[in-house]
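A short worksheet on the structure shown next.
Just so it is clear, none of the values below were taken in a lab; they were calculated from the coordinates. Every value quoted in this text rests on a predicted model; they were computed, and no experiment measured them. Here Cβ is always computed from backbone atoms with ideal geometry, including for glycine, and neighbour counts include all displayed protein chains.
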Amino acid sequence: MIAPSRPYPFGIPDAATKKPRIAVIAGDGIGVEVTEQALRALPALGVDAELTHFPWSANHYLATGETLPKGALEQLRDGFDAILFGAMGDPRIPEQIVARDVLLGLRFGLDLYINLRPVELFDERLCPIKGKGPQHIDFVVLRENTEGPYVQMGGTFKRGTPDEVAISEDLNTRKGVERIVRAAFALAGLPRAGSASAISGPPSKPRVCMIDKANALPHAHGLWQRVFKEVAAEPAHKDIAASHLYVDVAAMEFVRAPERFDVVVTSNLFGDILTDLGAAICGGLGVAASGNIHPGRVSLFEPVHGSAPDIAGRGIANPLAAFLTLALLLEHVGRSEAAGRLRAAVQAVVRRGETTVDIGGTLSTAACGDAVLAALSRYSNSSTLS
Ligand SMILES: NC(=O)c1ccc[n+]([C@@H]2O[C@H](COP(=O)([O-])OP(=O)(O)OC[C@H]3O[C@@H](n4cnc5c(N)ncnc54)[C@H](O)[C@@H]3O)[C@@H](O)[C@H]2O)c1
């Protein structure tokens, strides 16, 4: 039995009544291969969407010199509900300027301040931790997505000399911290039917855990602690259990006792690191999905993995992260029921072992895509999945 999708409070208003307008940026390497598979699910789910493909990628840059063209931000902001993104990164491109301009350009330019990454185990077989199953690993990380060291503030002095000084600033604003903390409470506060995180007995109280390092970063993460305490104390959040962990302890707890987490909120850098650990305890990058979200506005959904040049073009990339990414996107455009069916189909193929080699199967990318579509069709024929 699959856990029900978490209620999703960040979607486009009234989206369910409109045809979703989806921009597709498949990008480089396996981004192209897995996006092609994920898109096959739309007609299979009966979702009638308006798709527009954008060519931005390493190949496009090498042919035209263009990364993210002028006007692209406005075009995406005004003309679309969601962006389905594959991956970017190509060894031929110096300093990854295409990936930086396009992906970071969109994250910052569209103010996609929530990086939402589910950490959800679909089958015990995929978990490297002894004795942990799907009932133990079912949480979501909200990573702040527009601040921290990623704003690239800083510089070097006396570069290349023995006296070199290198400084990277960690930017944290009251506005930036407060809005991501509020997003975590908004997500935790929505009732979730039959929560799989309850190991026994009735569903547990919703929990938000803030992860910081205020003992070493008293200024930046002192701000996080103050804001978190203020927001947690508001009457609207009285039924949500709020706690905090230092990031070193949190890394240990992700492995030792993942069942203690429900909604996690953290900074950009810590979220980056912790969510790779989160992916690892659920089967790895081949099954990890993410959303870069501004509530109620166009948002970008992408697998956590990159373009994987080591396996690109070989037809062995795992497409399941891309299918799960599409499920997140469908929530954003008001298609929760279709999103739930797609997640259930992915879980069914994982449980049947109809997967690519990275998670123990033998199938090609396309054959794994076929298996997901077959699971969807079994579902619509019988209304239960096997
Ligand atoms: N959001 C993004 O677009 C994004 C994210 C991470 C890395 N990158 C870029 O991707 C390029 C490669 O980076 P990397 O190798 O560090 O990370 P990566 O995620 O591309 O690959 C890491 C390892 O995981 C494997 N892997 C990843 N996804 C897989 C899948 N779906 N199925 C099976 N195996 C999979 C790869 O084969 C590789 O061995 C770089 O240019 C990097 O900058 C882009």
| note | By the Cα gyration tensor axes a ≥ b ≥ c (a/c under 1.5 gives rounded; else a/b larger than b/c gives prolate, otherwise oblate), the shape of the stretch 273-341 is prolate
| request: Output the peptides 217-227, 138-148, 58-68 sorted from most to least packed, where packing is the average of other Cβ atoms within 10 Å over each peptide's residues. | output: 138-148, 217-227, 58-68
| request: Find how much the distance from Glu66 to Gln225 grows on full extension, using 0.36 nm per residue of separation minus their present alpha carbon separation; answer in nm with one decimal. | output: 53.0 nm
| message | Set the bar at 23 Å for Cα to Cα. Now go through Lys175/Lys205; Lys132/Lys205; Lys175/Lys213; Lys175/Lys229 and name every pair that lies beyond it. | response | Lys175/Lys205
| So what is the relative contact order for the stretch 156-300, in percent, with contacts set as C-alpha pairs under 8 Å and at least six apart? | 24
| task | Please compute the net charge surrounding Asp170, taking Lys and Arg as +1 and Asp and Glu as -1 over other residues with Cβ under 15 Å from its Cβ. | result | -2
| Dipole magnitude of the stretch 264-386, debye to nearest 20 (Cβ charges: Lys/Arg +1, Asp/Glu -1, about Cα centre) | 380
| note | Dividing the mean separation of Cα pairs under 8 Å (6+ apart) by the residue count of the stretch 107-194 yields a relative contact order in percent of 26
| Picking from Pro258, Ile211, Ile167, whose Cα lies most toward the positive end of the charge dipole for the chain (charges on Cβ: Lys, Arg +1; Asp, Glu -1)? | Pro258
| task | Would you work out the charge dipole size for the stretch 79-160 about its Cα centre, treating the Cβ of every Lys and Arg as +1 and the Cβ of every Asp and Glu as -1, and quote it to the nearest 20 debye? | result | 460
| request: Select from Val102, Leu126, Thr35 the residue farthest towards the positive end of the dipole of the stretch 27-184; place +1 on Cβ of Lys and Arg, -1 on Cβ of Asp and Glu, and compute about the Cα centre. | output: Leu126
| message | Tell me whether the chain comes out rounded, prolate or oblate; compute the Cα gyration tensor, take square roots of the eigenvalues as a ≥ b ≥ c, and use a/c under 1.5 as the rounded threshold. | response | rounded
| note | Sparse-neighbourhood loop hits (trypsin sites (Lys or Arg not before Pro), the stretch 285-386; DSSP loop; Cβ within 10 Å at most 12 others) -> Arg314
| query | Rounded to the nearest 500 deg cm²/dmol, what is the calculated helix-only ellipticity per residue at 222 nm for the chain, with -39500 (n - 2.57) per DSSP H run of length n ≥ 4? | reply | -10500 deg cm²/dmol
| message | Taking the Cα centre as origin and putting +1 on Lys and Arg beta-carbons and -1 on Asp and Glu beta-carbons, what dipole magnitude results for the chain, to the nearest 20 debye? | response | 840
| said: What lysines does Lys19 reach when the alpha-carbon gap must be under 30 Å and sequence neighbours fewer than 8 apart in one chain are set aside? | reply: Lys70
| remark: Between Ser380 and Asp111, the FRET efficiency computed from the C-beta separation at R0 = 51 Å comes out, to the nearest 0.05, as 0.85
| query | Under the classification rounded if a/c is under 1.5, otherwise prolate if a/b is larger than b/c and oblate if not, where does the stretch 24-103 fall, given a ≥ b ≥ c as square roots of the Cα gyration tensor eigenvalues? | reply | oblate
| task | Normalising by the residue count of the chain, find the relative contact order in percent from Cα pairs under 8 Å and 6+ residues apart. | result | 24
| query | So how do Tyr246, Tyr113 line up by other beta-carbon neighbours within 10 Å, fewest first? | reply | Tyr246, Tyr113
